[in-house]
1. How many residues does the stretch A:1-24 hold that are polar (S, T, N, Q) and in contact with a Ser or Thr (Cβ under 9 Å, 6 or more places away or on another chain)?
2. Going through the stretch A:41-63 one residue at a time, which ones are more than 15 Å from DNA strand D (Cβ to nearest atom) and touching a residue at least 12 places away in the same chain (Cβ under 8 Å)?
3. Does the stretch B:25-59 hold any residues that are within 29 Å of A:K58 (Cβ to Cβ) and either among the hydrophobic types (A, V, I, L, M, F, W, C) or away from every other protein chain (no Cβ under 11 Å) (or both), and which are they?
4. Are any residues in the stretch B:84-97 more than 18 Å from B:H124 (Cβ to Cβ) and either among the aliphatic types (A, V, I, L, M) or more than 7 Å from chain A (Cβ to nearest Cβ) (or both), and if so, which ones?
5. Restricting the stretch A:20-37 to residues that are of a type in the set (D, E, K, R) and under 45 Å from the mean Cα position of the chain (by Cα), which is modelled with the highest pLDDT?
6. Output the qualifying pairs, or none if there are none: Cβ atoms under 9 angstrom, residues six or more apart or on different chains, first residue in the stretch A:1-23 and among the charged types (D, E, K, R), second residue near DNA strand C (Cβ under 8 Å from one of its atoms) and assigned to a helix (DSSP H, G or I).
7. Would you check which residues across the stretch A:225-284 are under 19 Å from A:S189 (Cβ atoms) and basic (K, R) and list them?
8. Any residue that is under 18 Å from A:L142 (Cβ atoms), in contact with a strand residue (DSSP E or B) (Cβ under 9 Å, 6 or more places away or on another chain) and not aliphatic (A, V, I, L, M) - is there at least one of those in the stretch A:70-84?
2 protein chains.
Amino acid sequence: MANIREIAKLAGVSVSTVSRVLNDYPYVKEEKRRAVLEAMDQLNYKKNINAVHLAKGKTCIVGVMLPDVAHPYFSAMMEGVAEEALRFGYHLLLFQTNYDVHKELEALEMLRMKQMDGLIICSHMASIEAIEAYMEDGPIVLCEDVKDNHFLSVSINHYDAFLLGMNYLIKKGHTKIGYCIGRSTGINSQIRKAAYEKALRAIDVQPNDEWRFEQCLHITDGKRVVEKLCSLHEKPTALLVTSDQVAAGIILWGKAYGVTIPNDLAIVSFDNHPIAEALGITTIELPLSLMGKKAFHMIYHCLKTGIYSEQKEQLPVQLIERMSG
Amino acid sequence: MANIREIAKLAGVSVSTVSRVLNDYPYVKEEKRRAVLEAMDQLNYKKNINAVHLAKGKTCIVGVMLPDVAHPYFSAMMEGVAEEALRFGYHLLLFQTNYDVHKELEALEMLRMKQMDGLIICSHMASIEAIEAYMEDGPIVLCEDVKDNHFLSVSINHYDAFLLGMNYLIKKGHTKIGYCIGRSTGINSQIRKAAYEKALRAIDVQPNDEWRFEQCLHITDGKRVVEKLCSLHEKPTALLVTSDQVAAGIILWGKAYGVTIPNDLAIVSFDNHPIAEALGITTIELPLSLMGKKAFHMIYHCLKTGIYSEQKEQLPVQLIERMSG
DNA sequence: GTAATGTATGAAATGCGTTTCAATGCAAGT
DNA sequence: ACTTGCATTGAAACGCATTTCATACATTAC
C-alpha cells in the first residue's frame, strides 16, 4: 500500500508538502498541491490512521463503559453519546463489562495505553479509588452522583428524583410504600435508599424490608415482584420502581394475578421510555440521551481546551402523571 | 512517558529483548526478564497501543455499523457482538449512522484506513456496490440475506419467517391479513413483501395496499397503526408485525380504541423480546444476539486464518404461540 | 571431533504520518 | 540599498513497538 513517501516521490515534492496537502495547511503552491493530489489518486493512497494516532498522540476515540448495551437504560445513554460524538468527528469504543471488575479495569488500561482519548463510565463495579488511578491518563466522566473527588460527572439527582416520587405517592395518601431497584450495590442504589427512608421518616413510617425488591432490571423481573407481592402477608399499596420496563412487567403480570393498578397497587417508575406512555405509567422522566450527550461534551471540552476543570452537572427530572399511580 | 528504549537502557538490554518480554516470547534468560520487568515497573511503563497497531498492521478492533443503538433490534445484535468480541480480546467501534449514507461511507473509509480489522454491517442504506468497493480492505459481514455477491453474511431467512407467520394466520382461518414493516426500502422489506404476496396468492387472495403499514419501528408507532386501522372501511382481521415493540403498541392502544385482541384483530409479530412474553404476543423468535455472535465469528475466523471463504449463514426462527394470534 | 541444533541477544530496518527547524525566494517598508 | 517579514519547501527528527537478520555460545548427535 502506498505511503506518504511514495506520493512525495511521484509528485516530486517532499513528504512535508504531502502532509501539508493532506491536512489542508496553508503555504502550498496550487501547482504542487495538484501534483500531490494527482499522485495520491494515481497510487490509490489512503492514510494509515494508526500512524496518525501514533504521531499525534491522540486518537479522537472516546470509550464508553457500560454493563449491557441491550438494556434500554444504557442503550439510551449510548445513543446520546454516539450522536454527539459523531457531530464532533469522534469515534466510540464500546466496553460492555457486564459489571465484571476485571473487564472494567481492562477498559481503563486501554485509556492508559492511549487507545482512546477519554472515557465515559455509565456504570461500574470497580471502586472509585481504582478508577481514580487512571485520571491522569485522560478525562474520565462518571455518570453518577459522585462527591469528594475530582471526577467530571453528569448525573441525575437520584435523591431528589426518588424523593419526588415518594412525596407524590405520599400526597396521594399512601403510607405503605415499597420500592424496586436494580443492583443493591452502587452509589445510585444507596442514594435511593436514603431518599426512601428520608421520605418515610417525614411521615413517621418505618421502612419495611419486605417491600424492597432488588435485582429488578428487565420487564420479566416484574413477574417475580408480583409473585412475591402476592405472597406477602402485609402488602404495600404503592411501589416506586426504578425502571419503566420493570413497572410494565409488574402491571402486565399484575393483571394475570388479579392485581388492579392503581387501586390495589399504585406505581410510579422512572425513565419515561415509550412503553410508559403505551401503558399509562406515571413515571419520572430521566434525560438519558441528554446525559450521554453532556458526558461526551465534558470530555470533548476537556480535550479541546486541554483544561481539566472539575465539573459536576446534575440534570433535572420531571414527573409525568398518567394513570398507574 | 517512558518507552521501550528507556526500559532497555535501564535494564541494560536491547529493545528486542524488552519486546520479547513484553510479548512473552521464549529465549529470554530469567535474569534479564526480571531486569526488564523491574525497569518497566520503575518507569511506570505502559505500551503505546497505537505504535503496536502501526507496527503490526492490525488493531484487533471490529467496527459495528447500525442505524440506532437505542433500538432494541440493534442493541440486541450489538450485545451479541460485544459479548463474543470480548471473549476473543477484540474491541468494538460503534458507528451509529442513522441511515445516513454519508456516515456509512465514513465507516467504510475507516476500514480502509486500518482503523479496524473488519466491519459488521447490521443494516445499511448505501448500495451493495458501494460497499463492495471496500471488500479488499478487510472482512465485512452483512447481516442480511444477500445473494449474487461475495460478501460474508449471517441473516435470518426473512422470507421463510414471514411465510411461517402468514401460514400460521391463514391456518387460523384469516384471509384478510395486513402487515407492518419498518423501512420500505431495504432488502429485508422487499423479501417480506414477496413472502406476503406469495402466501396470499396460494389462497387466491389479492393483497390490499391499505393494509400495509410502513415506518413501524417503535412502540409508539402502534398508535398510528391503530388509528389508521380504525379509519379503514374494510379492515384486516390479522396483522403480521415485524417488531414486538410495534405489536405491543398496537395491542395497548388497541385496548384504548376498543380493538379486542385476537378477536377483532389477531397479531403475530417478530423478535420475542421479553415484552412479547409479558403481553402474551404470539411471535416469531429472531435470534438477534446469536446473529451478532455469528457475525463476529465470521470476521474473527477470517482474520485468524487469513482465508476469506465466502460464507452465508441463515439462522432458524421459531414461532412462539401465545394469545395474540 | 565435527556437524547440526537449539538458546540467547542485539543492531538495524520497518510501519507511516506529523512536526520542527532551517533555508530560500520574493515583496513591502525605510 | 537594506532590513523585515511572509510565503514556500525540504531535511530530519519524532512518536514507538515489532520483526528480521546476524551473531555467539551451548548442546546434542553421529
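1. Within the stretch A:1-24, the first condition is being polar (S, T, N, Q), and the residues that meet it are A:3, A:14, A:16-17, A:19, A:23.
Now narrow it down to the ones that are in contact with a Ser or Thr (Cβ under 9 Å, 6 or more places away or on another chain): none.
Residues flagged as polar (S, T, N, Q) and in contact with a Ser or Thr (Cβ under 9 Å, 6 or more places away or on another chain) within the stretch A:1-24 amount to 0.
2. Let us first name the residues in the stretch A:41-63 that are more than 15 Å from DNA strand D (Cβ to nearest atom), namely A:41-46, A:60-63.
Result: A:Q42, A:L43, A:N44, A:Y45, A:K46, A:C60, A:I61, A:V62, A:G63.
3. Narrowing the stretch B:25-59 to residues within 29 Å of A:K58 (Cβ to Cβ): B:36-37, B:39-59.
Residues satisfying the conditions are B:V36, B:L37, B:A39, B:M40, B:D41, B:Q42, B:L43, B:I49, B:A51, B:V52, B:L54, B:A55.
4. Initially, the stretch B:84-97 is screened for residues more than 18 Å from B:H124 (Cβ to Cβ), giving B:84-91.
Correct list: B:E84, B:A85, B:L86, B:R87, B:F88, B:G89, B:Y90.
5. Applying the first criterion (of a type in the set (D, E, K, R)) to the stretch A:20-37 yields A:20, A:24, A:29-34.
With under 45 Å from the mean Cα position of the chain (by Cα) added as a condition, the list becomes A:20, A:24, A:33.
Working: A:R20: 92, A:D24: 87, A:R33: 89.
In this case the residue turns out to be A:R20.
6. Within 9 Å, the pairs are A:R5/A:V15; A:R5/A:V18.
7. A:K228
8. yes
The values are calculated or read from the model by the stated rules, or taken from the named source; none is laboratory data. Here the structure is a predicted model, which is why all the values come from computation and not from measurement. In this analysis, Cβ positions are derived from the backbone assuming ideal geometry, glycine residues included, and neighbour counts consider all displayed protein chains. Note: areas computed on protein heavy atoms with side chains; ligands, DNA, RNA excluded. Shrake-Rupley method; radii C 1.70, N 1.55, O 1.52, S 1.80 Å.
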